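Scroll down for the structure; my scribbles are underneath it.
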Amino acid sequence: MKRLRNVAALDALRASLEAESRERVEVRVCCGTGCRAAGADEVRQAFVDEIERRGLDATVTTSGCQGLCQRGPLVAVEAKGLFHLGVDPSDVGPIVDLTLDRGQPIDRLLHHTPDGAVVRWRDDLPFYQKQERVILRNCGRIEPTDIRDAIRAGAYAGLAKALDAMSPEDVIAEIAASGLRGRGGAGFPTGRKWEGCRAQPHGPKYVICNGDEGDPGAFMDRSVLEGDPHSVIEGMILAAYAIGDVADGFIYVRAEYPLAVANLTTAIAQAEELGLLGKNILGSGLDFRIAIKKGAGAFVCGESTALMYSIEGSRGMPRQTPPRSVEKGLWARPTVLNNVKTFALVPVILSRGADWFATIGTEGSKGTQVFALTGKIRNTGLVEVPMGITIHELVYEIGGGILDDVPCKAVQIGGPSGGCVPKALFDTPIDFDSLQDVGAMMGSGGLVVMDESDCMVAIARYFLAFTQQESCGKCTPCRVGTYRMLEIMDRIVEGKGEPADLDRLQELGEWIQETALCALGRSAPNPILTTIRHFRDEYEAHVVDKRCPAGVCYSPGRYRIVEAECLLCGLCQDVCEEDAVRESREHYRIDPDLCVGCGKCKAVCPAEAIVLETEELREAREEVTV
Amino acid sequence: MIDLSLDEVRTRVAPILARHEGKDGVLISLLQDVQEEFGFLEEQAMEAVADDLMLPVSHLYGVASFYAQFYFEPRGKHVVKVCTGTACHIRGAPAIQARLEERLGIRPGETTGDLLFTLETVNCLGCCALAPVVSIDDRVLNRREQRKLGAWIDSERAAETASDERSP
């Protein structure tokens, strides 16, 4: 590829790419991590082999994640407008025969709606219809390892426009006018952050992309980095242009994301080759390079100051702010750090205009947000929706409702820093401020749906156990406070809690919120505090009645004797201090009202005939076999 | 575990040091490369790096021990990771973890005595839609492979025993 000397050369390249014959039939196999795990690599290879064997005029390309991971591997034949789901290598022959040759779909691989209609194309799927894909605009539509495909789809058009006709101040004004708020969770206005950094008199300055997506249950940043790396690179170049005097850029990527690192490395090399990175970008005089920094496995490095220490090669522990990063960031130089999704939005705001962006979303939260829908929901995967959509719409209309039609209980939004929203509040619009009002937060955008069989106390304990384990240990409120909270939670889920524990949790939680050093510590009590607020009855059942309504925790009354296994030896009856094992003519039975769940009977049973009911139920439901 | 000679360690560390020479903030990347070379942070290699950077070796251990993905012990030939992210957690990851612990006879973070398997838990592999997931050597298994995990463990063990018997 030839180096592009100026904006006109980029426009010319795009025009020639668009004009390139698009008549050739293209088979696009989704090779996001989800589809790969479902066998997309084999499917892709089968297409390559089959097409070559028959000497057809068709190409096989791959794409990043399209969001509908659960139905993968996904195969789109764009020229024919057909979208096949759940494709197996054995389906490749028929697809080449019927679809490529004659444009006929394979009926059983298309989506069938509950009322029997057949959906032929991606955009017509109910899963995509309510979505508005801005951040994910190119994910699943371009080959992430081919910059030409990205340019054809409009990449670097925002950069061209800015370099051609806008001053750095204009760029910042445009971003500010769009109302863009950082997508990392806290929602700080991006324009203001950039302006603050630009105002710093002394360079060199740095631009950092935070791709350390550590929240369990969130994988949208990974999808953008894997599926559309150029959108992030372009956003960073624009930031460098707007801020001025920028020495270098860094993308900090989680070590668990090898494909994202590989695709980014390719993308950066291709952008350098075209002169979109490096010295004198598009003849504008702007110099900017981007290096990838791989994380080494520390959740706290998602916090901006900790992340900068990690890039410097130190222990990634947060420091007190102020001074803010825009004043003293990486190597104590002025630094702008934004999330992957924020950078991915910047180019499209510039190319389509702040006014357009500001029409999407709500008054205080403009644009769209990506959510990772997981848990007990039919359509798990990545979705992007305008801010202000209600939780109900997200769960029932896009997510397709609850698995097995069990009643839904709550959603957990924002990962370990977020909170639980009960079903009664599902009309809450999803935006930065409304979520805060109900005690949750946007956070990473992970959205876990829970049904009546999930115990909110156990879920809250799970999140707290996570943040406690990941606490860096620098400040006492987080290091000791979360540890103490976890001890109390452990007691409660073991059935040893007492009513005063709830007050202790609340008091301790509020102290931590006020006194911890960094945002991660301050938000660590959120899962506990929101569940106490919205599900106090469940906590009370645990600490007062010593039972778990969902039957998940240490739950008395759920021990059961399996009659078929029972030898009628009576040892369980002998060992039970509560006299809960009842004897009748033919069998023994545990009286749930008397049982305190100590498990002594189970331990003594020579035939392993006594089971904890929950284990059995869960196994039957999950079909987990190893 | 085979003891490496100091010379051999230094020879293997030298190109890694050369690659990062003269750059700022390279300690973590350097340690990552050392780990890739040796499979873990070998003690003599750490000393070689510390010498070169003119840092106390305690500083290196201070940094390395902060991060979950640095190891100070040799790891198994195969690394089995159970995702315990939220989605996997509520869809049955604890049951999978318990079964793997039983089958391999080790707890997360441990390596089997024959250096064949290391068991780990990971916070999120980003495949929540397929939950619960397990990966082997950084490749996420599909449902079919996951069901055959037990058989795979047995066959790897059998292959290892067979090759042990063949070698003198």
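Every number in this text was worked out from the coordinates using simple rules, so none of it is lab data. Because the structure is predicted, anything quoted here is derived from the model rather than measured. All Cβ positions, even for glycine, are placed from backbone atoms using ideal geometry, and neighbour counts span all protein chains on display.
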**Complete:** Among the Cα-Cα pairs of region B:6-64, the proportion with separation greater than 14 Å, in percent, is 47
**Asked** In whole Hz, what ³J(HN,Hα) sequence does region A:265-282 give by Karplus (6.51, -1.76, 1.60; θ = phi - 60°), x for Gly and Pro?
**Response** 4, 4, 4, 5, 4, 5, 5, 5, 4, 7, x, 8, 10, x, 8, 6, 4, 6
**Fill in**
If R0 = 56 Å, then A:Ala262 and A:Val575, at their Cβ-Cβ distance, give a FRET efficiency to the nearest 0.05 of 0.45
**Request:** Could you grab the relative contact order for region B:72-168? Cα pairs under 8 Å, six or more apart, rounded to a whole percent.
**Result:** 34
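Quick check on the exposure proxy: order A:Leu225, A:Leu100 from fewest to most C-beta atoms within 10 angstrom.
Details: A:Leu225 30, A:Leu100 23.
Going from least to most buried by this count: A:Leu100, A:Leu225.
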**Fill in**
When A:Met441, A:Met456, B:Met54 are ranked with the fewest other C-beta atoms within 10 Å first, the list becomes B:Met54, A:Met441, A:Met456
**Request:** Hey, can you grab everything whose amide H is under 5 Å from the amide H of A:Arg183? Only 5+ residues off in sequence or another chain; H modelled, so Pro and N-termini drop out.
**Result:** A:Asn339, A:Thr342
**Message:** Taking the number of other C-beta atoms within 10 Å as the exposure measure, put A:His587, A:His392 in order starting with the fewest.
**Reply:** A:His587, A:His392
**Request:** Report, by chain and number, residues whose modeled amide H sits under 5 Å from the one on A:Leu82, excluding near sequence neighbours (fewer than 5 apart, same chain).
**Result:** A:Val77
**Shape call, region A:457-543: gyration tensor on alpha carbons, a/c limit 1.5** = prolate
**Request:** Using only alpha carbon positions, build the gyration tensor of region B:78-166, then give the equivalent ellipsoid semi-axes as the square roots of 5 times its eigenvalues, largest first, whole angstrom.
**Result:** 24, 13, 10
**Asked** So how far, in whole Å, is the C-alpha centre of region A:435-496 from the one of region B:101-168?
**Response** 30
**Asked** So for chain B, what are the equivalent ellipsoid semi-axes in whole Å, largest first, each being the square root of 5 times an eigenvalue of the Cα gyration tensor?
**Response** 33, 22, 12
**Prompt:** Using a cut-off of 21 Å between alpha-carbon atoms, which lysines can reach A:Lys328, once sequence neighbours fewer than 8 places away in the same chain are excluded?
**Reply:** A:Lys193, A:Lys205, A:Lys293, A:Lys474, B:Lys23
**Prompt:** Counting alpha carbon pairs within less than 8 Å and at least 6 residues apart, what relative contact order, in whole percent, applies to region A:368-454?
**Reply:** 36
**Cα-based reach from B:Lys148 at 29 Å (exclusive), listing lysines while leaving out same-chain residues under 8 positions away** = A:Lys376, B:Lys77, B:Lys81
**Request:** With θ set to phi - 60°, apply the Karplus curve 6.51 cos²θ - 1.76 cosθ + 1.60 along region A:109-116 and write out the HN-Hα couplings as whole Hz, x wherever there is a Gly or Pro.
**Result:** 9, 8, 7, 10, 6, x, 8, x
**Asked** Quick one: what Rg and Dmax do you get for region A:7-125 from the alpha carbons, in Å?
**Response** 15.3, 52
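Work out the length of the dipole vector of the protein assembly as shown about its Cα centre, built from +1 on the beta-carbon of each Lys and Arg and -1 on the beta-carbon of each Asp and Glu, and round it to the nearest 20 debye.
1800
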**Asked** How large is the helix-only mean residue ellipticity at 222 nm for chain A, computed as the sum of -39500 (n - 2.57) over DSSP H runs with n ≥ 4, divided by its residue count, in deg cm²/dmol to the nearest 500?
**Response** -10500 deg cm²/dmol
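How big is the dipole moment of region B:20-70 about its Cα centre under a simple scheme where the beta carbon of each Lys and Arg is +1, that of each Asp and Glu is -1, and everything else is neutral? Debye, nearest 20, please.
Here the size comes out at about 240 debye.
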**Complete:** With -39,500 (n - 2.57) per DSSP H segment of 4 or more residues and division by the full residue count of chain B, the 222 nm estimate, nearest 500 deg cm²/dmol, is -15500 deg cm²/dmol
**Request:** Label chain A by shape, choosing from rounded, prolate and oblate, from the square roots a ≥ b ≥ c of the eigenvalues of the Cα gyration tensor; if a/c is under 1.5 it is rounded, and otherwise prolate applies when a/b is larger than b/c, oblate when it is not.
**Result:** oblate
**Complete:** For A:Lys409, the residues 5 or more places away or on another chain with a placed amide H closer than 5 Å to its own amide H are A:Met450, A:Asp451, A:Glu452
**Prompt:** Normalised by the residues of chain B, what does the relative contact order come to in percent, with Cα pairs under 8 Å and at least six apart?
**Reply:** 18
**Message:** Please compute one quarter of the surface area of the Cα convex hull for region A:368-454 and express it in square nanometres.
**Reply:** 4.7
**Item:** Percent of alpha-carbon pairs separated by more than 19 Å within region A:139-238
**Value:** 53
